[in-house]
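Engineer: Encoded as structure tokens, here's the structure I'll be asking about.
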Amino acid sequence: MQVVELESRDMDIRLDGKVAIVTGGSRGIGKAIAKVYADSGAQVMITSRNEDSCAATAEELGDSVAYMAGHIARDEDAERVIEATMDQFGRVDILVNNAATNPYAGKTINVDRARWDKTFETNLTAPMFWAQRVWNRWMKENGGAIVNISSVGGLSTNPILGVYDITKAAMIHLTKQLAAELAPGVRVNCLAPGLVKTDFAKVLWEDGKGDDVAKAYPLNRLGEPEDVAGAALFLAAETGRWITGQTWALEGGALVKFSDVS
Ligand SMILES: NC(=O)c1ccc[n+]([C@@H]2O[C@H](COP(=O)([O-])OP(=O)(O)OC[C@H]3O[C@@H](n4cnc5c(N)ncnc54)[C@H](OP(=O)(O)O)[C@@H]3O)[C@@H](O)[C@H]2O)c1
């Protein structure tokens, strides 16, 4: 059997000629993904609710990044963003379902209907219908890759984040289901980060509160948005070509730490 030697240039992960949409691309993890995709040769459409912050991020990331503001859970906004991407770039090879919300903290059993519905609409229903739209508009005929951003919380239980975590657990199953349905043309994978230093999770890590969490992670630090972006690049690019339906936990080793219960 002939062994093909790997050269360093084979390890250079590229997205030249590809077009990606990153929801929630204006800051945090979405911004880091948009940056690494653009740096790897892709053209990128970012979207979030705040037009000014989208514009500022697009300007910072350079000419290959465009923006269109919108709310991910509004059908007309999703339609507008996808059509703008087609008009401007002519294709949608990669969708990153990244934007999410967490309006409720408390026991799941006590949640009110409005915040339950809002969490599900934004974190689960919206990503599902963004996937459906890009499938119908481009990927069904031309192939592509979808990367869903879940959470390590979707793999376990939590005293106050149960509602959010249930949506993220469902996203992991949505990933498997769509991966089975959309193969072989479209790969669907998922990332489940632990605590990452962004605005979204600030209440959990600001003022030194993250230090104990960091110590509990075998890799001894909290995540940075770029830690997630690297995996999102690997999965979307040719490097991920035989991977579909998978969820990668990116959590500094939290899931393998020694249990306190013996
Ligand atoms: N940070 C963590 O510790 C952590 C851990 C596990 C998983 N995650 C997941 O990682 C993803 C990104 O989180 P992040 O920490 O990077 O958050 P972030 O820094 O707060 O960024 C969230 C992004 O989503 C946008 N966004 C929020 N709601 C939106 C909506 N309804 N429609 C459109 N855009 C919306 C925000 O912009 P606008 O406000 O302008 O809309 C922003 O661009 C989320 O799915 C989150 O659940 C984060």
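Read the figures in this text as sums done on the coordinates, not as results from a lab. These numbers come from a predicted model, not from an experiment. Note: ideal-geometry Cβ built from the backbone for every residue, glycine included; neighbour counts use all protein chains shown.
Engineer: Of the cross-linked pairs 18/140; 176/215; 107/176; 31/215; 197/257, which ones have a Cα-Cα span greater than 25 Å in the structure shown? Let's see the in-between values first.
Structural biologist: Values: 18/140 16 Å; 176/215 32 Å; 107/176 28 Å; 31/215 27 Å; 197/257 20 Å.
Listed pairs above 25 Å: 176/215; 107/176; 31/215.
Engineer: If you plug each phi of region 254-261 into the Karplus form 6.51 cos²θ - 1.76 cosθ + 1.60 with θ = phi - 60°, what whole-Hz ³J(HN,Hα) values come out, in order, with x for Gly and Pro?
Structural biologist: 3, 6, 10, 5, 4, 6, 6, 8
Engineer: Near residue 101, within a Cβ-to-Cβ distance under 10 Å, what is the net charge of the other residues, with Lys and Arg +1 and Asp and Glu -1? Show your work: numbers first, answer last.
Structural biologist: Values: positive: 115, 118; negative: 121.
Net of charged neighbours comes to +1.
Engineer: Each residue of region 241-246 in turn: what ³J(HN,Hα) in whole Hz from Karplus with 6.51, -1.76, 1.60 and θ = phi - 60°, glycine and Pro shown as x?
Structural biologist: These are the phi-based 3J(HN,Hα) values: 5, 10, 10, 8, x, 8 Hz.
Engineer: Starting with the highest mean, order 237-246, 138-147, 30-39 by the number of other Cβ atoms within 10 Å, averaged over the residues of each peptide.
Structural biologist: Details: 237-246: 15.2, 138-147: 19.6, 30-39: 24.8.
Most protected by this proxy first, the peptides run 30-39, 138-147, 237-246.
Engineer: Note down the relative contact order for region 127-199 as a percent, whole number, built from C-alpha pairs under 8 angstrom at least six residues apart.
Structural biologist: Details: 85 pairs, mean separation 29.3, N = 73.
For region 127-199, the relative contact order is 40 percent.
Engineer: Within the chain, which complete DSSP H helices have Cα atoms spanning at least 24 Å along the helix axis and a mean Kyte-Doolittle hydropathy of 1.0 or higher? Could the numbers behind the result be given before it?
Structural biologist: On the way: long enough: 162-182 (29 Å, 0.43).
Taking the DSSP H segments of the chain (at least 24 Å long, mean hydropathy at least 1.0), we get none.
Engineer: Can you find, among 26, 47, 240, the residue farthest towards the positive end of the dipole of region 14-251? Put +1 on the C-beta of Lys and Arg, -1 on that of Asp and Glu.
Structural biologist: The listed residue farthest towards the positive side: 240.
Engineer: Moving on. I'd like the trypsin sites (Lys or Arg not before Pro) in region 151-231 restricted to DSSP loop residues with at most 15 other Cβ atoms within 10 Å, sorted by number.
Structural biologist: On the way: sites: 168, 176, 187, 197, 202, 209, 215, 221; in loops: 197, 209, 221.
The qualifying sites are 209, 221.
Engineer: Right, another one. Which whole-number percentage describes the relative contact order of region 167-262, with Cα contacts under 8 Å and a sequence gap of 6 or more? Write down the numbers at each step before the final one.
Structural biologist: Values: 114 pairs, mean separation 38.1, N = 96.
This gives 40 percent for region 167-262.
Engineer: Let me ask something else. I need the peptides 66-72, 49-55 ranked by packing, meaning the mean over residues of other C-beta atoms within 10 angstrom, with the highest value on top.
Structural biologist: Numbers: 66-72: 20.6, 49-55: 15.0.
Going by the mean number of other Cβ atoms within 10 Å, highest first, we get 66-72, 49-55.
Engineer: All other residues with a Cβ under 12 Å from the Cβ of residue 251 taken together, and with Lys, Arg as +1 and Asp, Glu as -1, what is their net charge? List each step's numbers first, then the result.
Structural biologist: Working: positive: 221, 257; negative: 227.
Local net charge: +1.
Engineer: I would also like to ask the following. Can you tell me, using C-alpha contacts under 8 Å and at least 6 residues apart, the relative contact order of region 14-251 as a whole percent? Walk me through the numbers before you get to the answer.
Structural biologist: Values: 469 pairs, mean separation 47.0, N = 238.
Over region 14-251, the number comes to 20 percent.
Engineer: For region 164-200 and region 240-262, what is the separation of their Cα centres, given in Å?
Structural biologist: 13 Å
Engineer: Follow-up question, since we're still on this one. If I model a spin label as a point 7 Å beyond the Cα along the Cα-Cβ vector, how far apart are those points for residue 71 and residue 257 in nm?
Structural biologist: 3.7 nm
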